[in-house]
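First up is the structure itself, then whatever we jot down about it.
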Amino acid sequence: MINYLNYKRNILENIIFFLIILLPFTLVSGPFLSDLSISIIAILFIYISFQKKLYSYYNNIYSKVFGFFFLIFLLTSFFSLDPLISFKKTIFFFRFWIFALALWYIFSKNKDSLCKILINSFSLVFIFLIVDGYIQFFFKENIFGWSIQDSRISSLFKDELILGSYLSRLLPIYFGLLVYVKFGENIFQYILFFLIFIGVETLIFLSGERVAFFYVNASTLLLLLTMNNFKLFRLSTFIISIFLIITLVNFYPNASERIINKTQKQLGFVNENKKLPLNILQPKDNEKPKKYVFSIEHHNHYASSLRMFKDNKITGVGPRMFRFTCGKKKYNIWEGCSTHPHNTYVQLLAETGLIGFSFGLILFFYFVFKMFNHLIGALFKKKYLFSDFQICLLASILITIWPFAPSGNFFNNWISIIYYYPVGFFLWSIKHKNQ
């Protein structure tokens, strides 16, 4: 560790470097330490930016796009139903972008050392979660005596059922770092990484997080279609993981309860005598059961959001205001009240109106267009628009902004850190490619 914290960086850069390599650990600890870490990183980088006149990091198309997005949040907060509450969440939202810029800066100066030590950090965390998660699965308690939560593995996250989300969102970044250092030359390391990937993928299934299981499979498919190298590694780990999951389900049928059985029930394929409106905006109690979006709860969240949008089309009800608005009689639909609507685009539509929603949708189609161009070039012309390292980062970004799946609160601090984590590496890769 001492070798990595050397005289070539000043003390502030060393602090940023140290906090970045600790992020895989602090993210497991919860929102407090991880948010504190990136807040410190943002403050220190702003100071370094003025000290070293790093204006190019802010004067580029990417920072300008985020700046415009940030202004949208401030504008919709100003016109929200309660500006004070809304501003508390949005006024410092820019720190996540500054964190991405700081990661770009530190990686550009120390890419080899930062990459290698981050791989070690991720490996240690993943190995511990795999061991602890399997102990919890087989013995109903983890090594700290924390019980399994409603037949779902949570490991070190205790009563927060986000183990699968953590693993599925960070696995493509981890793979990208491995691709960057061209792993595989050391047979022992190759086998270790091989086992980690199998352990992570099966653990995501056992966590019972359906969206996380979808994410890991979607990102894997995207990598297999678009990468130039390392396809055999990823395909092999994926096939073995599926085989292991099938084996576990045969011996432990309860392992598939939430992923398969409960999904069928919540989608409406199994009649649980729950009634839902044929008209999502105007429910009637006497209507017959029907298929619905993801689950009755999700369906009602979306219905409440659409009602909010209907009354506030341009700026929405304001960032973070869904939780305070969904309880009102005109918006509340049975089980439709929560802290957020559980879908990024529905949340943007309800809380930021057409302004925020349109911007988010444009961003999504931009990345899809770029990936489509890369895929066409790779399949038919053997030309690759992005490097394998960039493809891994884009996979992480695309599952974050994918619109057709439930998601976390867009303005949640913990999830925002994970959202912006691959962005810093990707910004560096674009600059490096241009040079």
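Where the second residue is among the acidic types (Asp, Glu) and the first is in a helix (DSSP H, G or I) and lies in the stretch 97-118, which pairs have Cβ atoms under 7 Å and are six or more apart or on separate chains?
Here the result reads 106/13, each pair linking the stretch 97-118 to a residue that is among the acidic types (Asp, Glu).
Where residues in the stretch 345-370 are closer than 13 Å to residue 72 by Cβ and open to solvent by less than 20 Å² (accessible area, probe 1.4 Å), which of them is farthest from the chain's Cα centre (by Cα)?
The residue in question is 353.
Mind listing just one residue for me: the one in the stretch 8-51 that is closer than 16 Å to residue 111 by Cα and open to solvent by 80 Å² or more (accessible area, probe 1.4 Å) and, of those, modelled with the lowest pLDDT?
Top of the filtered list is 8.
Return the only residue of 157, 214, 183 being of a type outside the set (S, T, N, Q) and either open to solvent by 50 Å² or more (accessible area, probe 1.4 Å) or modelled with pLDDT of 95 or more (or both).
Numbers: 157 fails: either open to solvent by 50 Å² or more (accessible area, probe 1.4 Å) or modelled with pLDDT of 95 or more (or both); 183 fails: either open to solvent by 50 Å² or more (accessible area, probe 1.4 Å) or modelled with pLDDT of 95 or more (or both).
Step by step, each of 157, 214, 183 is checked, and only 214 is of a type outside the set (S, T, N, Q) and either open to solvent by 50 Å² or more (accessible area, probe 1.4 Å) or modelled with pLDDT of 95 or more (or both).
Would you confirm whether or not the stretch 139-159 contains a residue that is under 18 Å from residue 196 (Cα atoms) and of a type outside the set (S, T, N, Q)?
There is at least one residue in the stretch 139-159 that is under 18 Å from residue 196 (Cα atoms) and of a type outside the set (S, T, N, Q).
For the stretch 180-187, does any single residue satisfy the condition of being acidic (Asp, Glu) and within 30 Å of residue 254 (Cβ to Cβ)?
no
Among the residues of the stretch 371-429, how many are closer than 17 Å to residue 107 by Cβ, among the hydroxyl-bearing types (Ser, Thr, Tyr) and open to solvent by less than 20 Å² (accessible area, probe 1.4 Å)?
Qualifying residue count for the region: 3.
Listed here are the residues, each with its yes/no results for (1) in contact (Cβ under 8 Å) with a residue 12 or more places away in the chain; (2) open to solvent by less than 10 Å² (accessible area, probe 1.4 Å); (3) of a type in the set (Val, Ile, Thr).
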site	(1), (2), (3)
163	yes, yes, no
178	yes, yes, no
195	no, no, no
200	yes, yes, yes
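Exactly one condition in (1) touching an Asp or Glu at 6+ places or on another chain (Cβ under 9 Å); (2) on the phi < 0 side of the Ramachandran plot; (3) touching a residue at least 40 places away in the same chain (Cβ under 8 Å) is not met by residue 320; state its number.
(2)
When you scan the stretch 217-232, how many residues do you find that are surrounded by 19 or more Cβ atoms within 10 Å (Cβ to Cβ), among the hydrophobic types (A, V, I, L, M, F, W, C) and in a helix (DSSP H, G or I)?
2
Quick check on the stretch 395-414: of everything there that is without any contact (Cβ under 8 Å) to a residue 60 or more places away in the chain and part of a helix (DSSP H, G or I), which residue is nearest to residue 22 (Cα to Cα)?
Going through the stretch 395-414, the residues without any contact (Cβ under 8 Å) to a residue 60 or more places away in the chain turn out to be 397, 401, 404.
Next, from what is left, pick out any that are part of a helix (DSSP H, G or I): 397, 401.
Numbers: 397: 21, 401: 25 Å.
So, considering only residues that are without any contact (Cβ under 8 Å) to a residue 60 or more places away in the chain and part of a helix (DSSP H, G or I), the one nearest to residue 22 (Cα to Cα) is 397.
Name the residue, out of 173, 135, that is open to solvent by less than 70 Å² (accessible area, probe 1.4 Å), assigned to a helix (DSSP H, G or I), of a type in the set (A, V, I, L, M) and touching a helix residue (DSSP H, G or I) at 6+ places or on another chain (Cβ under 6 Å).
Working: 135 fails: touching a helix residue (DSSP H, G or I) at 6+ places or on another chain (Cβ under 6 Å).
Being open to solvent by less than 70 Å² (accessible area, probe 1.4 Å), assigned to a helix (DSSP H, G or I), of a type in the set (A, V, I, L, M) and touching a helix residue (DSSP H, G or I) at 6+ places or on another chain (Cβ under 6 Å) holds for just one of 173, 135, which is 173.
Every residue in the stretch 304-330 that is crowded, with 16+ Cβ neighbours inside 10 Å and more than 24 Å from residue 74 (Cβ to Cβ), please. So that I can check it myself, show each step before the final result.
First, the residues of the stretch 304-330 that are crowded, with 16+ Cβ neighbours inside 10 Å: 304-309, 312, 315-322, 324-326.
Correct list: 304, 306, 307.
Can we say residue 151 is open to solvent by 50 Å² or more (accessible area, probe 1.4 Å) and either among the β-branched types (Val, Ile, Thr) or in contact with a helix residue (DSSP H, G or I) (Cβ under 7 Å, 6 or more places away or on another chain) (or both)? Let's see the steps before the verdict.
Values: open to solvent by 50 Å² or more (accessible area, probe 1.4 Å): yes; either among the β-branched types (Val, Ile, Thr) or in contact with a helix residue (DSSP H, G or I) (Cβ under 7 Å, 6 or more places away or on another chain) (or both): yes.
For residue 151, the condition - open to solvent by 50 Å² or more (accessible area, probe 1.4 Å) and either among the β-branched types (Val, Ile, Thr) or in contact with a helix residue (DSSP H, G or I) (Cβ under 7 Å, 6 or more places away or on another chain) (or both) - is met.
Limited to the stretch 67-90, what total is found for residues that are over 12 Å from residue 355 (Cα atoms), part of a helix (DSSP H, G or I) and open to solvent by 30 Å² or more (accessible area, probe 1.4 Å)?
Selection size over the stretch 67-90: 7.
Say we look at the stretch 125-156 and pick out the residues that are touching a residue at least 60 places away in the same chain (Cβ under 8 Å) and hydrophobic (A, V, I, L, M, F, W, C); which of these is farthest from residue 170 (Cα to Cα)? Give the steps one after another, and end with the answer.
To start, the set of residues in the stretch 125-156 that are touching a residue at least 60 places away in the same chain (Cβ under 8 Å) comprises 125-127, 129-130, 133-134, 137, 151-152, 156.
Keeping just the survivors that are hydrophobic (A, V, I, L, M, F, W, C) gives 125-127, 129-130, 137, 156.
On the way: 125: 11, 126: 10, 127: 14, 129: 13, 130: 14, 137: 22, 156: 16 Å.
Within the stretch 125-156, the match that is farthest from residue 170 (Cα to Cα) is 137.
The values are calculated or read from the model by the stated rules, or taken from the named source; none is laboratory data. Only a predicted model underlies this, so the values are computations on that prediction, with no experimental measurement involved. All Cβ positions, even for glycine, are placed from backbone atoms using ideal geometry, and neighbour counts span all protein chains on display. Heavy atoms of the whole protein, side chains included, go into the accessibility calculation; ligands, DNA and RNA do not. Shrake-Rupley method; radii C 1.70, N 1.55, O 1.52, S 1.80 Å.
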